[in-house]
Amino acid sequence: METEASRVVARVRGLRMAYAGTDVLTGVDLDIRAGEVLCLLGPNGAGKTTTIEILEGFRMRSAGEVTVLGQDPAHADEDWRARTGVVLQSWRDHPRWSPRRLLDQLGGYYAPYSTPERPRPYGTDDLLATVGLTELADRKLATLSGGQRRRLDVAVGIIGRPELLFLDEPTAGFDPQARREFHHLVRRLAESEGTTILLTTHDLDEAEKLADRVLILAGGRIVADDTVDGLARRVAGDAEVRWSMGGERFVESVADATSFVRGLFERHGEGVADLEVRRASLEDAYLALVQQHESGRADSAARLFRDATQSEVDA
């Protein structure tokens, strides 16, 4: 029997996108499961924003099959749109409006789609408090800082209590405190509200904190799909153990950090200080996988060049 956690809310097969004859996406396959926070990573130009815009229904694809919440986003109706939320990288607002007025206006659009299981929209005052804009609720948008306007972007994206939330670089412009508060909000939406979240970010630390699962997009395709720990294990070599003893600093690379540290304490006990064990992080895994992909492309290009050159010589 299909459980809520295993239910697929979005399925993509063979997604392709080309601009002016140049392929950006060359065959993307992915599933998004209900209630998860899925993070899409990739280098600049990899097609992350293009992918998310196609799933949102904002961009027409060149080819492939896409189903999101039971519909093709390219032809989705208003009922479907009421079930989704979007936080774009940037958007144009009304500079003379206030956050309160804007959220009241937008909230009215969602009210007809309220259900007993998922009342819509969020209350404006509650939402302003959630994104830290209570004291700025009646200020004109034109007077807000970039980070404050970004918080309002988030409020606009979630006011309809979406089942599926798209977050495209949501914390750009946030200060450290605002970023931490936003991370708490994302986890609360996923764990308490059951909101499914697709997140793109360049902040690998953010991805490591938030993601239940990570996809890495490179060369127009998904080259990795795993948990943060799973990705780290793919590139995990020796762990690095650092410690101090007798006023000296030591560093050792070991295959089994747990056994090494246990033996260290058995031999030296309280003499061991400042112990630190560093294993492969998401950043290590991401860089290694992208570099492997780029290296593979370079090798393929070199082989094609050699083959073409040899053909000319043979001719």
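The values are calculated or read from the model by the stated rules, or taken from the named source; none is laboratory data. The structure displayed is predicted, hence computed values, not measured ones. Glycine also receives a Cβ, built like all others from the backbone with ideal geometry; neighbour counts cover every protein chain displayed.
Quick notes on this one:
- Residue count for segment 99-156 satisfying the condition of being part of a helix (DSSP H, G or I) and small (Gly, Ala, Ser): 8.
- Residue satisfying condition, being in the same structural domain as Ile216 (by TED's automatic domain parsing), touching a His at 6+ places or on another chain (Cβ under 9 Å) and surrounded by 13 or more Cβ atoms within 10 Å (Cβ to Cβ), within set Leu15, Leu41: Leu41
- Qualifying residue in segment 31-43 (condition: modelled with pLDDT under 95, acidic (Asp, Glu), closer than 28 Å to Gln292 by Cα and in a strand (DSSP E or B)): no
- Scanning segment 184-194 for residues that are crowded, with 16+ Cβ neighbours inside 10 Å and within 14 Å of the chain's Cα centre (by Cα) turns up Val186, Ala190.
- Failed criterion for Ala172 (all others in (1) assigned to a loop (DSSP other than H, G, I, E, B); (2) in contact with a Phe, Trp or Tyr (Cβ under 9 Å, 6 or more places away or on another chain) hold): (2)
- Breaking point among (1) small (Gly, Ala, Ser); (2) buried (at least 19 other Cβ atoms within 10 Å of the Cβ); (3) more than 26 Å from Glu181 (Cβ to Cβ), for Gly85: (3)
- Only one entry in Gly123, Gly107 is touching a Phe, Trp or Tyr at 6+ places or on another chain (Cβ under 9 Å), without any contact (Cβ under 8 Å) to a residue 60 or more places away in the chain and over 25 Å from Gly42 (Cβ atoms), namely Gly107.
- Close pairs (9 angstrom Cβ cut-off, 6 or more residues apart or separate chains): surrounded by fewer than 15 Cβ atoms within 10 Å (Cβ to Cβ) in segment 257-281, hydroxyl-bearing (Ser, Thr, Tyr) anywhere: Ala273/Ser244; Asp274/Ser244; Leu275/Ser244; Val277/Thr258
- Some residue of segment 66-76 being surrounded by 12 or more Cβ atoms within 10 Å (Cβ to Cβ), modelled with pLDDT under 95 and not aliphatic (A, V, I, L, M): no
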